[in-house]
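Visitor: The structure that follows is given in the form of structure tokens.
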Amino acid sequence: MESKILFSAIQPSGILTLGNYIGAISNWIKLLDTEYNCIFSIADLHTLTVKQDPVQFKQNVFDLAATYLACDLNPDKCIFFLQSSVHQHTELTWILNTITYPGELQRMTQFKDKSKSHSDNINMGLMDYPVLMASDILLYNTNLVPVGADQKQHLELARNLAERFNNRYTDTFIIPEPYISENGAKIMSLQNPDKKMSKSDANLNSFISLNDDENTIIKKFKKAVTDSENEVRYDAINKAGISNLLTIYSVMTGKTIKESENEFSGHGYGVFKTSVAEAVAEVLIPLQKRKTQFLSDKGYIENVLKNGAEKALDKAEKKIKQVYNTIGILYQK
Ligand code: ATP
Ligand code: LTN
């Protein structure tokens, strides 16, 4: 029996936040030693949908690769590679574009949000972003895609395009399943718990960066917006701030929400916030040390990416060949 494939990616659009870590990477780590063959990509072509400074962009790619390595997504256990190194991603995007309707892209929440936040640069790539993402996924016969809740709509499109293609031609693509963890799929801003924690938020106190030192982490959690009660209890609607902190604490310590609530029953918010900060620092500080070590050897990172790309290319080439044959393109490579 063929083994199952897991695929996911993150954009190198800046230093990752705790939201990226909890919503995406912590699940990747959990799924690494399961029955899935894991493929993780650095979605650099997606990042270009927003203006990038070329020098900073390259640095962000190294940083993200070092983050993957520091999280022990090591190349012996999974394939990891740079999206732009495998040209079949953009080739398949073109093919899928021919079965995608503009309306379904214009409806995407992320397209609408980013069109507002980058109103000076509403480009075709921003709109086509989900089709490139569908190509990333479908190119590898992916069964499972672990992502945060904000990517659910994009995944739905990938499933629809796979079905549409299969119906128009013949069964070619596997319909991928999302893996969106119940706990931590949407970590909220520390300053506005009704908004997603995002690395592009102008308010630096609203997110924990994976590069924040211990003092900064403590300071940011101390400033986190909560409510006027003093009871550590999960209630995402009426106590969004505290519930967000409970989620973070629970994921970082491996305790359930109930266990975490019990641990802080009778304690004030001050004690609770300090404990959340310490739990986060306990994971992030060692991770930063490992990341710095990897970053000191860029040659090693380049080598890992090159080897990963070779493995990915091999799989991608087989798939694009199958797609071209199905469509009736005279494939001459
Ligand atoms: P940007 O702010 O540049 O748009 P982002 O911070 O939303 O980026 P992405 O690179 O788009 O991050 O997302 C990488 C992964 O992290 C995705 O699986 C996404 O769902 C997940 N993710 C992002 N933010 C959060 C969050 N606040 N909570 C949980 N998961 C998140
Ligand atoms: N769009 C995703 C990143 C991404 C992705 C993918 C995730 C690009 N290609 C394929 C899963 C599968 C985001 O998180 N912003």
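Read the figures in this text as sums done on the coordinates, not as results from a lab. Quantities reported herein were computed from a predicted structural model and do not represent experimental measurements. Heads up, the Cβs are rebuilt from the backbone with ideal geometry, glycines too, and the neighbour counts pull from every protein chain shown.
Visitor: Counting only Cα atoms, I'd like the Rg/Rh figure for segment 58-113, Kirkwood definition for Rh.
Guide: Details: Rg = 16.1 Å, Rh = 14.3 Å.
Using only Cα positions, Rg/Rh for segment 58-113 is 1.13.
Visitor: Calculate, in whole percent, how much of the Cα-Cα pair population of segment 10-57 lies beyond 16 Å. If you can, show how the numbers build up before the last one.
Guide: Numbers: 559 of 1128 pairs.
Cα-Cα pairs of segment 10-57 separated by over 16 Å account for 50 percent.
Visitor: Would you mind telling me which residue in ALA43, ALA202, ALA134 has the biggest mean-square fluctuation in a Gaussian network model of the chain, where springs connect alpha carbons within a distance under 10 angstrom?
Guide: Of ALA43, ALA202, ALA134, the Gaussian network model singles out ALA202 as fluctuating most.
Visitor: How high is the relative contact order of the chain, given as a whole-number percent (alpha carbon pairs under 8 Å, six or more residues apart)?
Guide: Working: 499 pairs, mean separation 74.2, N = 333.
Taking the mean separation of contacting Cα pairs over the length of the chain, I get 22 percent.
Visitor: Taking every pair of alpha-carbon atoms in segment 180-280, give the share separated by more than 22 Å as a whole percent.
Guide: Numbers: 1035 of 5050 pairs.
Percent of Cα pairs beyond 22 Å in segment 180-280: 20.
Visitor: Right, something else. Along the positive direction of the dipole of the chain (beta-carbon charges: Lys, Arg +1; Asp, Glu -1; about the Cα centre), which of PHE111, PHE81, TRP94 reaches farthest?
Guide: Positive-most Cα among the choices belongs to TRP94.
Visitor: If you place +1 on the Cβ of every Lys and Arg, -1 on the Cβ of every Asp and Glu, and leave all else neutral, what size is the dipole of the chain about its Cα centre, to the nearest 20 Debye?
Guide: Numbers: 37 positive and 39 negative charges, 101 e Å.
In total the dipole reaches around 480 debye.
Visitor: Next up: Mind pulling up the Rg/Rh value for segment 44-153? Radius of gyration and Kirkwood radius, both on Cα. Walk me through the numbers on the way to the answer.
Guide: Details: Rg = 15.1 Å, Rh = 15.6 Å.
On the Cα set of segment 44-153, Rg over Rh gives 0.97.
Visitor: Convex hull over the Cα atoms of segment 246-306, averaged projected area in nm²? Could the numbers behind the result be given before it?
Guide: Details: hull surface 21.1 nm².
In nm², the orientation-averaged hull projection of segment 246-306 is 5.3.
Visitor: Could you give the Stokes-Einstein D for segment 107-180 in µm² per second, using the C-alpha Kirkwood radius, 4 °C, 1.567 mPa s? Please report the intermediate quantities before stating the final value.
Guide: Details: Rh = 13.1 Å.
Value of D from the Cα-based Kirkwood radius: 99 µm²/s.
Visitor: What's the FRET efficiency of THR90 with ASN192 using the Cβ-Cβ distance as r and R₀ = 56 Å, to the nearest 0.05?
Guide: Details: r = 36 Å, r/R0 = 0.65.
Rounded to the nearest 0.05, the efficiency is 0.95.
Visitor: Starting from the amide H of ASP235, placed 1.01 Å from N in the peptide plane, find each other amide H under 5 Å away whose residue is 5 or more places distant or on another chain.
Guide: Those lying under 5 Å, H to H, from ASP235 are SER243.
Visitor: Next up: log₁₀ I(q)/I(0) of the chain at q = 0.09 Å⁻¹, via Debye over equal Cα point scatterers, no solvent, to two decimals?
Guide: Each listed q maps to, in turn, -0.50.
Visitor: Could you work out the equivalent-ellipsoid semi-axes for segment 224-333, taking the square root of 5 times each eigenvalue of the Cα gyration tensor, largest first, in whole Å?
Guide: Values: eigenvalues 460, 103, 21 Å².
Semi-axis lengths for segment 224-333 are 48, 23, 10 Å.
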